[in-house]
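Novice: I'd like to ask some things about the structure below.
The values are calculated or read from the model by the stated rules, or taken from the named source; none is laboratory data. Values in this document were obtained by computation on a predicted structure and should not be read as measured data. Methodologically, a virtual Cβ is constructed for each residue, glycine included, from the backbone with ideal geometry; neighbour enumeration extends over all protein chains shown. Remember, those area values only see protein heavy atoms, side chains included, never the ligands or the DNA or RNA. Shrake-Rupley method; radii C 1.70, N 1.55, O 1.52, S 1.80 Å.
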Amino acid sequence: MIITKATAIANSNTALVKYWGKQDEQLIIPMNNSISLTVDSLSTITTVDFSESYDEDLFILNKKIQSDTPKKRVQKHLDIIRNIANVELNANVVSENNFPTAAGLASSASGFAALTAAASSALGLNMNPKELSMLSRRGSGSSCRSFYSGFVEWIKSDDNNESYAIQLADENWFDIRDLVIVFKKHNRKYTTREAMKISKKTSPLYDARLEIVEDNLVKVRKAIKERDFSLLGQTAEADCLLMHSIALTSNPSQLFWTAETLGMIKFVQELREGGLESYYTIDTGTNMHILTKPEFSDEICAILRKIPYITNIIECKPGPGVQIIKDDLF
Ligand code: DP6
């Protein structure tokens, strides 16, 4: 019997040195290497089934049938995978995030990693993590880093077959906490993809960052190797500010922060001054990450729970990479 159905679970990853801008928009090849932490508490489970009996592709996310851009992005990615496998079957894709998508948590990393793993497994492609990460990159760049546990680097390259993720250290190497703080949703005019394209084209600071990023990569690799939390946090925070400076100085300007974000930036500075060493990093959604040491996590969470504008706090540890699992969603 030919099995054309498979299910995968993938975790999200938090960028410590950010990916911001592509050298190839079609193949999704980044301008700079990036480093991330795969986390354990933000995951997507996806089941993909290919069959002659489906008249068209169907994509259901968190029990809702998807149309327009979310469906088109999934279909485009399925087409790449179908092309490799040389099949023309339509697919049913059912996906569940264990975190509320409506809360604005970026789900494309875990989403595309789970989709890539499940779809390629369903079609019997037998790919290793390096090949999977290269394939997943084409759906959404940051997803390529979710194939490995712990600390991961995505390598840029001029060559489509040389831009993939590698593991720097597994999830047991260096125990830190990533407290994901969720604020209430606000509307954004541009998607992450559009915003980074605008930044690369128009920010006068864009090229300057490419030089500084090399330094940040060296520091973060060293911090991971030597389990140096201060160096890791300081560099991640500095790199986040660099990325947002570029976004802000783009035309049109890309502002991803709200009054709440600024409040939390001050809050993290105060935590540090008070001896609870912690650093922040922010991507493009309505959430931010507080990186801290395991021994400070409970105390910081207890303070955060009293802040009225925070809708959710998710405590994450370094987590595993993508896995194929037996329990299909349908
Ligand atoms: C700010 O991977 O979502 O989170 O490749 O266009 O799908 P596309 O973009 P995406 O961008 C993530 C940007 C970031 C930084 C990072 O994760 O490195």
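Novice: Just from its helices, what would the mean residue ellipticity at 222 nm be for the chain, if runs of 4 or more DSSP H residues each count -39500 (n - 2.57) and the sum is divided by every residue, rounded to the nearest 500 deg cm²/dmol? Provide the component values of the computation, followed by the final result.
Specialist: Values: 8 runs with 119 residues, N = 330.
Helix-only estimate at 222 nm: -12000 deg cm²/dmol.
Novice: Counting only heavy atoms of protein chains, what accessible area per residue, in Å², does segment 234-330 have with a probe of 1.4 Å? Show your work: numbers first, answer last.
Specialist: Details: 4480 Å² over 97 residues.
For segment 234-330, the solvent-accessible area averages 46 Å² per residue.
Novice: Report relative contact order for segment 177-316 in percent, whole number only (criteria: Cα-Cα under 8 Å, sequence separation at least 6). It would help to have the intermediate numbers written out before the result.
Specialist: Numbers: 178 pairs, mean separation 59.0, N = 140.
Relative contact order, segment 177-316: 42 percent.
Novice: In addition: Looking at this model, which pairs from Lys5/Lys326; Lys71/Lys201; Lys266/Lys306 are more than 20 angstrom apart at the alpha-carbon? If you can, show how the numbers build up before the last one.
Specialist: Working: Lys5/Lys326 10 Å; Lys71/Lys201 28 Å; Lys266/Lys306 16 Å.
From the list (Lys5/Lys326; Lys71/Lys201; Lys266/Lys306), the Cα-Cα distance tops 20 Å for Lys71/Lys201.
Novice: Still on this structure: Take the alpha carbon gyration tensor of segment 1-152, find the square roots of its eigenvalues, order them as a ≥ b ≥ c, and report rounded if a/c is under 1.5; if not, report prolate when a/b exceeds b/c, else oblate. Write down the numbers at each step before the final one.
Specialist: Values: a/c = 1.64, a/b = 1.39, b/c = 1.18.
Taking the square roots of the gyration eigenvalues as a ≥ b ≥ c, segment 1-152 is prolate.
Novice: Please give me the summed charge of the neighbours of Leu242: other residues whose Cβ is under 15 Å from its Cβ, Lys and Arg +1, Asp and Glu -1. Mind dumping the intermediate values first?
Specialist: Working: positive: Lys18, Lys200, Arg209, Lys219; negative: Asp207, Glu211, Glu214, Asp215, Glu237, Asp239, Asp283.
After counting each charged neighbour, the total is -3.
Novice: Now for a different question. What length, rounded to one decimal in nm, is gained on full extension from Asp40 through to Asp170, with 0.36 nm per residue of separation minus their alpha-carbon distance? Before the final figure, lay out the partial values.
Specialist: Working: separation 130, 0.36 × 130 = 46.80 nm, distance 1.23 nm.
Between Asp40 and Asp170, full extension yields 45.6 nm more.
Novice: Please report the relative contact order for segment 3-173, taking Cα pairs under 8 Å with a sequence separation of at least 6, and give it as a percent rounded to a whole number.
Specialist: Relative contact order for segment 3-173 comes out at 29 percent.
Novice: Taking K and R as +1 and D and E as -1, what net charge do the other residues with C-beta under 12 Å from the C-beta of Ile60 add up to? Present the calculation step by step, with values, prior to reporting the outcome.
Specialist: Details: positive: Lys63, Lys64, Lys71; negative: Asp49, Asp57, Glu96.
In short, 0.
Novice: On a 0 to 90° scale, report how tilted helix 229-248 is relative to the longest principal axis of the chain, with both axes built from alpha carbons and the result rounded to the nearest 10.
Specialist: 80 degrees
Novice: Take the chain, connect every pair of alpha-carbon atoms lying under 10 Å apart with a spring to form a Gaussian network, then pick out the residue of Asn287, Asn62, Asn32 with the largest mean-square fluctuation.
Specialist: Asn62
Novice: Quick one: helix 108-122 against the long Cα principal axis of the chain, what's the angle to the nearest 10°, folded into 0 to 90?
Specialist: Roughly 30 degrees, rounded to the nearest 10.
Novice: Could I have the simple spin-label model distance between Thr311 and Asn128, label points 7 Å from Cα toward Cβ, reported in nm to one decimal?
Specialist: 4.3 nm
Novice: Still on this structure, I have one more. Say each of Arg272 and Asn160 gets a label point 7 Å from the Cα, pointing the same way as Cα to Cβ; how far apart are those two points in nm?
Specialist: According to this spin-label approximation, the distance is 4.3 nm.
Novice: Next question. For segment 61-85 and segment 251-327, what is the separation of their C-alpha centers, rounded to whole Å?
Specialist: Cα centres, segment 61-85 to segment 251-327: 30 Å.
Novice: Whole angstrom only: what separates the Cα centroid of segment 108-129 from the Cα centroid of segment 139-204?
Specialist: 17 Å
Novice: Another question about this same structure. By its C-alpha gyration tensor, with a ≥ b ≥ c as the square roots of the eigenvalues, how is segment 1-55 shaped: rounded for a/c under 1.5, else prolate for a/b larger than b/c, else oblate? Intermediate values should be presented prior to the final figure.
Specialist: Details: a/c = 3.99, a/b = 1.69, b/c = 2.36.
It is oblate, given that a/c is not under 1.5 and a/b is not larger than b/c.
Novice: Follow-up question, since we're still on this one. If you roll a 1.4 angstrom probe over the protein chains with everything in place, what fraction of the accessible area of the chain belongs to carbon and sulfur, to the nearest %?
Specialist: 50 percent
Novice: Quote the charge dipole size of the chain about the Cα centre in Debye, to the nearest 20; the model charges only the Cβ of Lys and Arg (+1) and of Asp and Glu (-1). Write out the running numbers ahead of the final one.
Specialist: Values: 37 positive and 41 negative charges, 148 e Å.
Charge dipole of the chain: 720 debye, to the nearest 20.
Novice: Rounded, prolate or oblate: which fits segment 177-316 when a ≥ b ≥ c are the square roots of the eigenvalues of the alpha-carbon gyration tensor, with rounded for a/c under 1.5 and prolate only if a/b beats b/c? Please list the in-between numbers first.
Specialist: Details: a/c = 2.39, a/b = 1.23, b/c = 1.94.
It is oblate, given that a/c is not under 1.5 and a/b is not larger than b/c.
Novice: Working out 0.36 nm times the residue gap between Asp327 and Lys197, then minus their Cα-Cα distance, what length gain in nm do you get to one decimal? Intermediate values should be presented prior to the final figure.
Specialist: Working: separation 130, 0.36 × 130 = 46.80 nm, distance 3.85 nm.
Computed gain between Asp327 and Lys197 is 42.9 nm.
Novice: Nearest 10 degrees, 0 to 90: what angle lies between the long axis of helix 294-304 and the longest principal axis of the chain (Cα atoms)?
Specialist: With rounding to tens, the tilt is 80 degrees.
Novice: Under 8 Å for C-alpha pairs, at least 6 residues apart: give me the relative contact order for segment 273-330, rounded to a whole percent.
Specialist: Working: 27 pairs, mean separation 11.9, N = 58.
About 20 percent, as a whole number.
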